[in-house]
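The values are calculated or read from the model by the stated rules, or taken from the named source; none is laboratory data. Just so you know, these numbers come straight off a predicted model, no measurement behind them. Cβ placement follows ideal geometry from the backbone for every residue including glycine, while neighbour counts extend to all protein chains displayed.
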Amino acid sequence: MTLTETGDAAVTEATTELTRGAGVAAWRQIADAIAAEIAAGRLAPGAQLPTEARLAERFAVNRHTARRALAALAAEGLVRTAQGKGSFVEARPLPYPIGPRTRFSENIGRAGHGAGGELIAARELPASAVVAERLGVAEGALVLEVRSRRLADGVPITAGRSYHPLPRFAGFAEAYRATGSVTAGLAACGVADYRRRSTAISARLATPEEAAALDLAPGRIVLVTEAVNVDEAGMPVQLTYGAFAADRVELRVEG
């Protein structure tokens, strides 16, 4: 199994006739036909679907109908659409253990995939009451907020934001930008090792910002984690809020 985006999938190029006047909309019949190909294994996880134009030609419909079929498949979690790249069959969920030494890169590596991280934005701001309590700093104290997303073989898995005490972690954002690694970013700020102190997990609909970062269709579910990481002395080094694409991971809580 691969999460890597591949070339166009090998699907039947001959025109596929739809059943007219059967009470089932054309876009629904197209979506069902593609879903059947996915279920039968003719479209493998990670495979790229034909373009709207090619689907329209195959099913003898207009592009709007083909686009609606793809949107339905995305809403059902069978495919994902990456802006400017096309639509891809969703991969099977990755096992993602959560325990005292949770590391994104290690989890993704153990599953046989390449991990990556992208810095979206970073800024300094006063700590809210919740952030201050989690990080053990005074309310209103300056903290670093980092917005990022993490990927497996180039496919977005989680997106969110983290908070770090200042001035200790003033260099974290640039180190993370350069490496795509939280561990490397913390190490650049003098943290040789760290562990997970707590993790809370919930589920909800993705926000528009999360859906865009994760290449999710509107209305998809995300698994949300709130976690605190501490250094070897037990001092908080990171409060993180992550939104995981629910169809792409299987969170496993370990002791």
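Numbers below:
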| item | result |
| --- | --- |
| Residue that is surrounded by the most Cβ atoms within 10 Å (Cβ to Cβ) [pool: residues in the stretch 16-33 that are in a loop (DSSP other than H, G, I, E, B) and touching a helix residue (DSSP H, G or I) at 6+ places or on another chain (Cβ under 6 Å)] | L18 |
| Residue check for E210: assigned by the TED database to the domain that holds T240, closer than 13 Å to A243 by Cβ and either at pLDDT 95 or above or in a loop (DSSP other than H, G, I, E, B) (or both) | yes |
| Leading residue by the ranking (surrounded by the fewest Cβ atoms within 10 Å (Cβ to Cβ)) among those in the stretch 130-158 that are over 23 Å from the mean Cα position of the chain (by Cα) and part of a loop (DSSP other than H, G, I, E, B) | A138 |
| Residue satisfying condition, being free of Cβ contacts under 8 Å to residues at least 60 places away in the same chain, under 30 Å from L166 (Cα atoms) and crowded, with 20+ Cβ neighbours inside 10 Å, within set A127, A66, A121 | A127 |
| Count of residues meeting criterion [closer than 27 Å to R177 by Cβ, assigned to a loop (DSSP other than H, G, I, E, B) and in contact with a strand residue (DSSP E or B) (Cβ under 9 Å, 6 or more places away or on another chain)] in the stretch 59-90 | 1 |
| Top-ranked residue in the stretch 34-50 [being surrounded by 18 or more Cβ atoms within 10 Å (Cβ to Cβ) and among the aliphatic types (A, V, I, L, M); ranked as nearest to the chain's Cα centre (by Cα)] | A47 |
| Members of the stretch 196-255 found to be farther than 20 Å from L70 by Cα, in contact with a helix residue (DSSP H, G or I) (Cβ under 7 Å, 6 or more places away or on another chain) and either small (G, A, S) or surrounded by fewer than 21 Cβ atoms within 10 Å (Cβ to Cβ) (or both), listed by number | V228, P236, A243 |
